[in-house]
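One structure below.
What follows is calculated from the coordinates using simple rules that are stated; it is not laboratory data. Because the structure is predicted, anything quoted here is derived from the model rather than measured. Note: ideal-geometry Cβ built from the backbone for every residue, glycine included; neighbour counts use all protein chains shown.
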Amino acid sequence: MAEYPAALEELITFFEALPEGERRENLIDLAAAAATCAPKEGAKFDLEDVRHDVECTDTVGVHARLENGDHVHFAISLGPKVQTLTKAMTTILCRGLNGSTLAEVLEVPQDFVPRIIGADLVRLRSQTVYYVLGRMKQAARKLQQS
């Protein structure tokens, strides 16, 4: 089994223990909390990548800065049409990856996604559930190269 940053592992463990109904309720609650992951006014970032890709229904901005050497802090800005599941994954990933090293972010496998949201939702949403993780990894690669 893969190793994940401790905060992400804690979220995976929490969601795996939930029955399907509670899992969905918690995902909806996390989607409602996505705004807490947005960049704070006046915050400075080493990388800001805001764009609208075909994989997502609206604009997503990945904002990242290095702290304490190679530890990364992410903020994510979401357009108003971003779907609920993408918003939930944004909150999960911000909580689960902030403070991780760039290497840890790049090594996170995608296999945890169905463990959090359930296989049925993964099948329904296919690539959109992996979108934010992919964007965060792109940001980590760019920061690592600079």
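Translational D (Stokes-Einstein, µm²/s) of segment 4-85 at 4 °C and 1.567 mPa s when Rh comes from the Kirkwood sum over C-alpha pairs? Taking Rh from Cα pairs, D becomes 88 µm²/s.
In this Cβ point-charge picture (+1 for Lys and Arg, -1 for Asp and Glu), segment 24-84 has a dipole of about 140 debye about its Cα centre.
Relative to its Kirkwood radius, the Cα radius of gyration of the chain gives an Rg/Rh of 0.94.
Here the gap between Lys81 and Gln110, fully extended at 0.36 nm per residue and compared with their Cα-Cα distance, gives a gain of 8.0 nm. With loop membership from DSSP and a limit of 11 other Cβ atoms within 10 Å, the longest segment of the chain without GluC sites (Glu not before Pro) is 42-146. Length gained on full extension, Tyr130 to Lys44, computed as 0.36 nm times the residue gap minus the Cα-Cα distance: 28.3 nm.
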